[in-house]
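One structure is given below, encoded as structure tokens.
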Amino acid sequence: MIVDTRPRPAAFRSPSLVASGVGSIVRRLDWLLLLATGALVAYGLWAIGGITRFDVPGSPDYYVNRQAIAVSLGVAAMIVVTLIPTSLYQYHWRFIYGATIGVMLFVFVFAEAVRGSKRWIDLGPFQFQPSEFGKTFFVLAIAGFLVERGRRVTGVRTVLTALALGLVPIALVFLQPDLGTALVYAAAFTAVLFLSGVRWIHLAILGVSAVVLVTSVLWVLPSAGIQVLKPYQTARLTGFTNPDSDPGGLTYNVAQSRTAVGAGGLSGRGVEGASQTRLDYLPEHATDFVFASFAEQRGFVGCSILLLLYLLVVWRGLRVITVAGDLYGAVVAGGIVFAFLFQVFVNVGMTMGIAPVTGIPLPFVTVGGSSMVANLVAVGVLQSIHARGLDDGR
């Protein structure tokens, strides 16, 4: 008989720990992070209220109401996750990884294609997007594997095994197809490797390999007649290098987005005067290009407030890394924060033409229930790490 000799988490050794320590956890929450998150959620709902006011005739609050339901579910999930010790995730990283892969395979095989993509599972009137939640679960699992290896994390075998584990979910998301989310996974994977103590030479080799892969996918393989990306994905990425090449076709979305951002000026045009958004000249104005719509309506001032709130969340998230009670908590916090920052940078950047259009949502603002709930769950994980880190005397 095989006996599991791994040290069991404190939650198993003391079943009453969580129940008796709820008050202690609440006192040790990062309240500034919590307030910044709440402000972002409220600000996002206000933004969506203006951006989608004319999208559904006769129901100006349709999307706001749906987003509010997602917020309610997300807050409940955040509270539950905050109470769960991160040692449980570390101990069960194999189960988390397997469950994440299993759900992604289910979506890939059985989900119905929507606009050419298989990303969603229908749950009555709502759609559930597993890849959004996978961003956090992916970090929890890969961090568990690397931290479990201890000093062996500097070895080639460990790095190659981690790479194999990471490429499976990244590939499954890419094949949905969802290039933007696959890039978020890759960014989180890089952060986890770095914080786990992987050697610089190994990180450099992986970086060079990534550059070679991107070059091959975009230019070398297509010139040989092998198309890896969908035509629209290739157009988005190659159009980034020459945004003014075809403003009526290939780069239409970016051209309209830049127009909307510039038209907002200092204080914005307001909801009624934002013609790019209200008259639907700007495609996907509540999802991919929601920042451009917000910039048109609220201007530089409104966008500055939004970006400052993001900066506050990132700052507090980085602080969680410093107070984490163990290496696993620090690595998980780093992976979550870097993935969050990557999403904000790429989404905002692509609306202004300084990053390629990849379909990455803007956290807490883009319309989408799965994204909202998943981001609140991620904040819950950060709060759990923060509270228990301080509880350990850090």
#### Entry: Selection status of residue 362, at pLDDT 85 or above and in a loop (DSSP other than H, G, I, E, B)
yes
### Query
Going by the conditions given, is residue 149 of a type in the set (D, E, K, R), surrounded by fewer than 21 Cβ atoms within 10 Å (Cβ to Cβ) and without any contact (Cβ under 8 Å) to a residue 24 or more places away in the chain?
yes
### Task
Could you tell me which of the residues 143, 186, 204 is under 21 Å from the mean Cα position of the chain (by Cα), assigned to a helix (DSSP H, G or I), on the phi < 0 side of the Ramachandran plot and surrounded by fewer than 20 Cβ atoms within 10 Å (Cβ to Cβ)?
186
### Message
Just to check your reading of the model, which residue among 167, 163, 195 is on the phi < 0 side of the Ramachandran plot, in contact (Cβ under 8 Å) with a residue 60 or more places away in the chain and among the hydrophobic types (A, V, I, L, M, F, W, C)?
### Response
195
### Query
Do we have any residue at all in segment 77-84 that's in a helix (DSSP H, G or I), free of Cβ contacts under 8 Å to residues at least 40 places away in the same chain and crowded, with 18+ Cβ neighbours inside 10 Å?
no
### Query
From the set of residues in segment 101-123 that are β-branched (Val, Ile, Thr) and surrounded by 13 or more Cβ atoms within 10 Å (Cβ to Cβ), which is modelled with the highest pLDDT?
101
#### Entry: Single residue of 332, 357, 379, 344 found to be closer than 27 Å to residue 271 by Cβ and modelled with pLDDT of 90 or more
344
### Summary
In segment 50-67, residues that are small (Gly, Ala, Ser) and surrounded by fewer than 17 Cβ atoms within 10 Å (Cβ to Cβ) total 2
### Message
Condition first: closer than 21 Å to residue 35 by Cα, touching a Gly at 6+ places or on another chain (Cβ under 9 Å), aromatic (Phe, Trp, Tyr) and surrounded by 24 or more Cβ atoms within 10 Å (Cβ to Cβ). Can you find one or more residues in segment 359-366 that meet it?
### Response
yes
#### Entry: Scope segment 171-183; condition surrounded by fewer than 19 Cβ atoms within 10 Å (Cβ to Cβ), touching a residue at least 12 places away in the same chain (Cβ under 8 Å) and among the hydrophobic types (A, V, I, L, M, F, W, C); matching residues
175
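The values are calculated or read from the model by the stated rules, or taken from the named source; none is laboratory data. Predicted model only: the values in this text are computed from it and were never measured. No Cβ is skipped: glycine too gets one built from the backbone with ideal geometry, and neighbour counts run over all protein chains shown.
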